Amino acid sequence: MAEMVQGAVEDRGVVVIEARRELTEGVVELTLARPDGSRLPDWAPGAHIDLVLADGTVRQYSLCGDRWDAHRYRIAVQREDDGRGGSRAVHALRSGDTIGFGGPRNTFRLAPAPEYLFVAGGIGITPLLPMVRQAELLDIPWRMLYLGRSRERLAYLDELSRHGDRVHVHDAGELGRADLDTWRPADAATRVYACGPSRLLDAVEAWGAPPAGHAPRVERFTALTDTTAAATRFEAVAARSGVRVTVEPHETLAGALARGGVRVVTSCGQGVCGTCETDVLAGVPDHRDTLLDDDERRAGQCMFPCVSRSRGDLLVLDL
Ligand code: FES
């Protein structure tokens, strides 16, 4: 997960770049620690942190190190030369530099399952590495399909090599596009976790949920394109604050609440990072995020007001 836009972030302090390593062409790994060496907040596989860059913009990066090392975070960042500059700023960091951070936060949690299939595209390997470690620790069978334009560009192949043929690397430059449907699990109990480019995730999501099984969980780098879908006016109530606002078609729910004096902490503003997660007390959300799966959308218990709206005339939030 990466390349978010400017916004507020829950301040968790500062980390120092303890080590910097070029993993492949265009991918740098940073090891982060507290300047005083004290422990960092705990996290679980699938979590990410916010980094607050020098110009105040905030980017999210998946934690890809050892969750049991309480004193270090590890991230790996792909440089996007035609991106908005966040990855270039992270690549410019050097050992000894300090940077603000927020989180960790987890919108891509690993649910218990008898078996896992992990699908990684390029730098999408990062949130999946701790999941692999967790599956190994719990002795749960797993397989991984790891795709990229060339092996030389795929990070952590050395780390994964000890897992033998559990990890299948698909070099698209050599072999062409992978036939993803051959990877669709035959066993409905297998849970699928995927991270990578949109086209890959669209294809994995198209597998859908098998009967009595679970739909694949995906983590996207960018917002879904339908976040700008037609919007209508509705009323929103922040129940704990006793505030009621009208959300106009041209504004976000988070923006309308802020206008009413209820601040929702946001970061990406695109429904991809999870920072603004808010519980719903009444009403039916119009989910426009990339974070919730179908079951969570149907349950309607939480939503992301930076992008999501209301299906009905009224939404009551636990704010
Ligand atoms: Fe990122 Fe709402 S601020 S999901």
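Numbers below:
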quantity	calculated
Candidates 139, 165 - the one that is assigned to a loop (DSSP other than H, G, I, E, B) and either out of contact with any Leu (no Cβ under 8 Å at 6 or more places or on another chain) or at pLDDT 95 or above (or both)	139
Strands (runs of 3 or more DSSP E) contained in segment 220-319 and holding at least 1 residues closer than 24 Å to residue 46 by Cα	278-282
Criterion violated by residue 307 - all others in (1) more than 14 Å from the ligand (Cβ to nearest atom); (2) crowded, with 23+ Cβ neighbours inside 10 Å satisfied	(1)
Restricting segment 250-263 to residues that are open to solvent by 20 Å² or more (accessible area, probe 1.4 Å) and within 25 Å of residue 108 (Cα to Cα), the residue that is nearest to the ligand (Cβ to nearest atom)	252
Any hit, segment 185-193, residues being among the polar types (S, T, N, Q) and away from the ligand (no atom under 16 Å from the Cβ)	yes
Which numbered condition residue 234 misses (of (1) surrounded by fewer than 20 Cβ atoms within 10 Å (Cβ to Cβ); (2) more than 8 Å from the ligand (Cβ to nearest atom))	(1)
Residue count for segment 81-131, restricted to those that are assigned to a loop (DSSP other than H, G, I, E, B), more than 29 Å from residue 278 (Cβ to Cβ) and not hydrophobic (A, V, I, L, M, F, W, C)	9
Check on residue 294, more than 16 Å from the ligand (Cβ to nearest atom) and within 21 Å of the chain's Cα centre (by Cα)	yes
Qualifying residue in segment 268-276 (condition: surrounded by 20 or more Cβ atoms within 10 Å (Cβ to Cβ), more than 8 Å from the ligand (Cβ to nearest atom), over 14 Å from residue 106 (Cα atoms) and touching a residue at least 12 places away in the same chain (Cβ under 8 Å))	no
Filter result for the condition that a residue is within 16 Å of the ligand (Cβ to nearest atom) and modelled with pLDDT of 95 or more, over 247, 243	247
Strands (runs of 3 or more DSSP E) completely within segment 9-74 that count 2 or more residues being of a type in the set (D, E, K, R) and open to solvent by 40 Å² or more (accessible area, probe 1.4 Å)	14-24
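Residue by residue, here is whether (1) in a loop (DSSP other than H, G, I, E, B); (2) surrounded by fewer than 16 Cβ atoms within 10 Å (Cβ to Cβ); (3) touching a residue at least 40 places away in the same chain (Cβ under 8 Å) holds:
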| residue | (1), (2), (3) |
| --- | --- |
| 161 | no, yes, no |
| 170 | no, no, no |
| 174 | no, yes, no |
| 182 | no, yes, no |
| 187 | yes, yes, yes |
| 192 | no, no, yes |
| 208 | yes, yes, no |
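The values are calculated or read from the model by the stated rules, or taken from the named source; none is laboratory data. For clarity, every value in this text was computed on a predicted model and none was experimentally measured. FYI the Cβ positions are ideal-geometry reconstructions off the backbone, even for glycines, and counts take in every protein chain you see. Accessible surface is based on the protein model in full, side chains and every heavy atom, while ligands, DNA and RNA are left aside. Shrake-Rupley method; radii C 1.70, N 1.55, O 1.52, S 1.80 Å.
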